[in-house]
Amino acid sequence: MLSIMAMTSAAFVPVMTPVRPASFATRTLAPEMNAAFLALDAIEPAVSSYVNIWVPLFESAKASGLAPDFLLHWGHGAAMATVLFAMGGFGAFLGWQIRFGKGEEVYALTLGETVRELHPKLMGAMLFFFLLGGQGGLVLLATGGQPILQSAHSSTAVIGLSLLLAQAAIGVTMKDSELGRTVHAYLGTGTLLALVVHAYFGLNLGQSF
């Protein structure tokens, strides 16, 4: 009888299994790569008020089928990438040609103008399209129900536009200053690289919703 009871009690001894620590804690500590790194909270109310003027127009176009979802989602990115890589890339090439002493050259793509004549026109047009396209991007984000100034894309937009405006100011005021021309050339290249980073964050943002 005692032996039976001993065997029965041994059969019900609980087996202790090791418990692994939860892995979600480490995942929550991973940095959010798309998060804004510039504090734009102070200007967000004013920007939102301006953006909301245009949102109903875009929502009406969406509801009527005039603007399909794909166009509203990716149209801004496609347009701005074209401006950046076509106008910005060629404009930077022209700028360095001037730097290398070829400002009076006429190429097939300069449409009869010299390199020195076309460079400021092309870069001025690029600045105009970025200022206009930036507003469109904010409106399209709001139309999609997304926050407008809380992403790395918005932070790099502020940096990129600030650099473009600084470049324009230097280009207008540098005249024959060798230092000014050197700063303009290298800062211009850095500005384009900053805008490429901006485009990268824009692609990430577009894929996040």
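Read the figures in this text as sums done on the coordinates, not as results from a lab. None of the values given here were measured: they were computed from a predicted structure. Cβ coordinates were reconstructed from backbone atoms using ideal geometry, including for glycine residues, and neighbour counts include every protein chain displayed.
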Practice problem: Quick one: order H73, H198 by neighbouring beta-carbon count within 10 Å, fewest to most. | Solution: H73, H198
Exercise. Could you work out how far the C-alpha centroid of segment 152-171 sits from that of segment 81-118, in angstrom?
Key: 20
Exercise. Quick one: compute a quarter of the convex hull surface over the Cα atoms of segment 35-207 and quote it in nm².
Key: 11.3
Exercise. Go through segment 42-105 and name the chymotrypsin sites (Phe, Trp or Tyr not before Pro) that are in a DSSP coil and have 11 or fewer other Cβ atoms within 10 Å of their Cβ.
Key: F100
Quiz item: If Lys and Arg each add +1 and Asp and Glu each add -1, what is the summed charge of the other residues whose beta carbon sits under 11 Å from the beta carbon of L94?
Solution: +1
